[in-house]
1. Report the calculated FRET efficiency for B:Ala425 and A:Lys217 (r = Cβ-Cβ distance, R0 = 51 Å), to the nearest 0.05.
2. Taking the solvent-accessible surface of protein heavy atoms with a 1.4 Å probe, what is the per residue accessible area of region A:139-211 in Å²?
3. Calculate, for B:Glu537 and B:His329, the FRET efficiency according to 1/(1 + (r/R0)^6) with r their C-beta to C-beta distance and R0 41 Å; round to the nearest 0.05.
4. Where a ≥ b ≥ c are the square roots of the eigenvalues of the C-alpha gyration tensor, would you call region A:173-324 rounded, which needs a/c under 1.5, or, failing that, prolate if a/b is larger than b/c, or oblate?
5. Quick check of the Kirkwood formula: for region B:502-556, what is the inverse mean of 1/r over all pairs of different Cα atoms, in Å?
6. Ignoring ligands, DNA and RNA, please state the percent of accessible area on region B:705-812 from carbon and sulfur, probe 1.4 Å.
7. Quote to one decimal, in nm, the extra length available between A:Cys430 and A:Lys475 on full extension: 0.36 nm per residue of separation minus the C-alpha distance between them.
8. What does the convex hull of the alpha-carbon atoms of region A:260-358 project to on average, in nm²?
Amino acid sequence: MPTLRSATASASTAGTASPTAIATPRSAKRRLTSPRRAAGSPDASQFTSPHKSPNVGIVGTPKLLSASPRSSRKRLYGDFVAAEKPKWNPRGKSPESHFSRAQSSDWDLTKEFICSADPAQMQVVKEALHVATVPSCGLVCRDDEQSRVLEFCKGCVEQERSGSLYVCGCPGTGKTLSINKVKESVARWADETGMETPDALSINCTSLAKTHEIFSKILAKFQTRKKATCKLSPLQQLQTMFSHKESAPRRMLLVVVDEMDYLITRDRAVLHDLFMLTTYQFSRCILIGIANAIDLADRFLPKLESLNCKPLVVTFRAYSKDQISDIIKHRLKVLEYDVFEPLALEFCARKVAAASGDMRKALGVCRSAVEVFEARLQESSDQEFGLVTFDHMDIALSKAFKSPVVDSILCLPQHQQMVLCALANTFHHCKKKATTLGELNKSYIEICRSTQVPAVGMLEFSNMCMVLSDQGFMKLGQSKEDKLRRVMLQIDSSDITFAFKGNRFFQKCLEQQKF
Amino acid sequence: MDLSATPSRSKSGLRSSPRKPVAAPAVAQMDLSTPSKPTPRRKPKAPPVAAPMSPVTPSSVRRSSRLLETPTKVTSETPVKPTPTPKRKRAAPSPSPKTPTQSEPKRQRQRQRQRQQPKKPKKRAYYRKVVYDGGEFAAGDDVYVKRRDGAESDAEDPEAEECRVCFRAGAAVMVECDVCLGGFHLRCVRPPLRRVPEGDWACPYCEAERAGKAIERPKPPEGKRIVRTAKEKLLSSDLWAARIESLWREPDGIFWAKVRWYIIPEETAAGRQPHNLRRELYRTNDLADIEMETILRHCYVMSPKEFKDASDQGDDVFYCEYEYDIHWHNFKRLADIDDEPETKEDPGDEPYNAGNDYVSDSDEDSEYDEEEEPTKCSSARTHQSHALAANLRKGRTYGLQKIGIRKIPEHVRCHQKTNLEKAKATLLLATLPKSLPCRDKEMEEISAFVKDAICNDQCLGRCLYIHGVPGTGKTMSVLAVMRRLRSELDSGNLRPYSFIEINGLKLASPENIYKVIYEQLSGHRVGWKKALHYLTEHFSGGTKIGKQANQPIILLIDELDLLLTRNQSVLYNILDWPTRPNSNLVVIGIANTMDLPEKLLPRISSRMGIQRLCFGPYNYRQLQEIITSRLKGIDAFEDQAIEFASRKVAAMSGDARRALEICRRAAEFADYRVKQSGHTSVNRGKNVVCMGDIEAAIQEVFQAPHIQVMKNCPKFGKIILVAMVHELYRSGLGEVMFDKLAATVLSWCHVNRELLPGYDTLLKICCKLGEGKIILCEEGTKHKLQKLQLNYPSDDVTFALKESPDIPWLSKYL
């Protein structure tokens, strides 16, 4: 049982040498807690991931046990602000107990305990914010989509017919996670209603070496013992299997195909054949495809429409700001204290929602805000803040979203900056979109002459341009001769002007108009 | 599990006897193909049985072994000559059978002689057997060698292993676990064992771990450290094992030994393979001279047959079947080598063969002097000890590398390097600097990132993308951080991890990265498709690869952008693994482009996370610091010269490689200049690199070659070029017709009384210039109608041809 292990692990991190007096009641307590909770929990999947198991233990604590050990912890945390000072949830409010006073003789021991407990606590927060952590109690904000997919699957299983579904949405909107949840709940539902549980097969198309390997994977799921010795290809075997009643398999198979657009080949045969598998009379496949493009099915499978087996489309929209903050709060609910200021969370959610609505990004920002907070704590241990505040979040957000262009322009070597100036000058007045390297060299030499800086040679110049294009400032076209390579500015020329606003030398460079 | 076939043995509790009675170590080769037969030879030996075949017990009581009386005492005057030592006695269970010939008085004499000043100071005395520090060592013996002084190797040297449960080394019978090689008292195991079990036995802890359960191993009681036996230290490469090839005494009285190293499988290029036994060593072809002081005590390296038959050897028994070639990294079966004729006889044995030395004075019985070969310079030989073994004089060694170091030829070493030469050497790009200045912040960040990922018991997968222009120390910083972490790991402050470094440029195709990763994790070579399958299983929580499956893996991918395929699936997979639960994978990607994440598909950049680290170009101060830190202690550069070079480079590219190259080139110029001017006792001040040298180097590096070409043109070529500039300037066009140009040239020649060139000569010269791409010309069929164009700006021509000594009149047309 993972819970037990982690509980002892955290106890061992806490108890260095002697405070076993403290560590033992806690670990014992948890040992009591977790099995009970596991029994009571309907969601068996909770315990698949050891990530959140310590959290589960902590959540279960207040309701089950007498207040004494926990309140001792509270007292400890309340007194020492060295670490992250947890604010307790109101429901966990309990009277000050004598236990802590009894413990006060071991004052220095407890102090030690706190200090060593701090990194562990940070770790718990980071774990809760990690991308790979599956939230323990269901997903929030995706109920609608989940129920649609679930209904579809239920319908298919009940009527024993095949069907196809296409899930699309931007990256980081919880598609795969939701479908995995649905897969579990279909299995549970089938168990409860006494149906035959459908098999499930998840394939990520990026891990296929060849696109048509997908059929052999599906086939392997159907015929477990038979070895494929026949001359037919796996696809043909599947087709013959599904077109005859006697050979058709009994159980349903739920196939989840992630990153489906990797299956697109030039003739689209694989994708087409895959969807066509669900149209056979005795097919038992429930196909769920996941990809980013909204119109993948329309674009690549126009034939399916005429066969009237167009897949049902479920769209995952990008998260709105409310949803993002809900999800983060939900993830952090497993901790018994607040980590973020509400304002900070709100800020993060707004910013991410405005940019992309990508949950991974939001989690990354929160994590980096926690790291900023941690760094601040180490710098000055006497500070009074116990929460990740707006400022920390601001730093993290600007790290993630701020365009690095201006800064990187400013730390370029001088001659490269002058090349950028020349480029900006070229495009400033005319409507041209591109120039050649030779032209650019001329205007660069002009600038050099006017500012009395010795110019570099052509070879070095084209080298510098290569470096600049590597960094993404400009784009170099291909040409046999260096001089004739097309040059295009990749950044906004106003960025360049902005970067050199305070510099007289470069102001002069930028004023160069004739060349 | 192929572990099931490990040789099993029981340990005796009494470790005071040198040959520890231990049950049979089976030589079941752990090949999966060969059926692993259980070893029925496991016999619980009664602990205190002294080894029957070893009358001398040098190892455990070695500090006081002078008191030891050898039972079979032969007359002391017997010379060793009649019984020459078998030279190639492999893995001899030492003490060799010749031990009885050693007599006690003689040995004492030897000891005395060690302290005495040698009679003949010029001679090197070779011995067959030496009693040193209480132990008796003979050629052909296998010994432990101290690796570093200061390591705990000589702090304590437990002969007896402690039980892993009760942490006492009692007299009770111990049994050895086949997996972790830990010893257990029979009564300490739960449930207690009556006798040593038949067949393989794994301790309950290992069994639990194998079953996937987490179980806490018993911790040692308060205040007691777990002492490691020499065997454990050797297997964790804190000690070395070596075979003594010859022994001698230097004229200054220090005893030396020529040894042949053994290495553990981890130190071979292939690493530990699944078929390696726990106690397996490889013999190498690397010989070294070490001081006897560093030899710890005996160990017993055995051939497979001996290992199988050895029933009651002690803890210090090892198995050696192959010889490892350290230069070519290949393995040879020892049996095959021995069948070969003795062509590759070790040089260390030669003194033995020298029969004339045998008949030396008979009162020095087993000790024979030898005249030094005149070819070998004695002073050089004295200092030719293995640089890495612990030595008597300094007591310290440099570096942790063990073998494979390249020997520097003598004549190079004799030469005293000048400052300039030293500077040239340290400024080479390949030289590893001692410190990395100016990247402290970035390195701090990297190490915080890696530590954050691996320090805790739960490794959270993450990605870090490092970008920056070339020559800004990206890869070097990461590797420096990893070296630092490695040393932290060695000192035990970190959880073990595995580090995989891949350069995208070195992959034949992007997909091959799977193959490389898999090979590093498991040691097997498979095709990339199969590797991809296994890796996906591994990271998504299925069957794990390799022995240390739960260790965090740090994957460093240099030149990440080269992994871009058309559908970017390779990058997708690599960046998707860290987002899986329990993947334990940390990816660090390095590339030049700043906007790689934006170039990728959104789903990939979403998985990449937001951790970025930018290595900006160096500014001139940083470059200056880098160069000065490399040149620390070498007074070869003027300060201004360094500043000039670094300013010049910082203005253009900020590439540290470029700056170092310029400085090195300048040092070469200065060196050349100094050597040209003969011996420089007069002008000492000019022995450093000055501004002029830097200037020359910069000219060479930065100046375009076309100027040189123009300067070295033939006469008419120059005239044509200048005429072209003239014509272009006059007409204001970009190109000029050949006949016009020819007319100008002819008229100029006429005016200045030059020889008039023919029309076709001019055409030919134009074609030559066109071939050199100084000018661009149309195809030659148009003859005089072809249009010519200058390939370089006319300023360059003016600059190059301003002063031409052979045609002074040319400058007036410019």
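The values are calculated or read from the model by the stated rules, or taken from the named source; none is laboratory data. These numbers were taken from a predicted model, which means no experiment stands behind them. Cβ placement follows ideal geometry from the backbone for every residue including glycine, while neighbour counts extend to all protein chains displayed. Please note that ligands, DNA and RNA were not included when accessible areas were found on the heavy atoms of the full protein model with its side chains. Shrake-Rupley method; radii C 1.70, N 1.55, O 1.52, S 1.80 Å.
1. 0.30
2. 40 Å²
3. The computed FRET efficiency comes out at 0.85.
4. Judged from the Cα gyration tensor, region A:173-324 comes out oblate (a/c at least 1.5, b/c at or above a/b).
5. Its Kirkwood hydrodynamic radius stands at 11.5 Å.
6. That fraction is 57 percent.
7. Full extension from A:Cys430 to A:Lys475 adds 14.4 nm.
8. With the hull built on Cα positions only, its mean projection is 9.2 nm².
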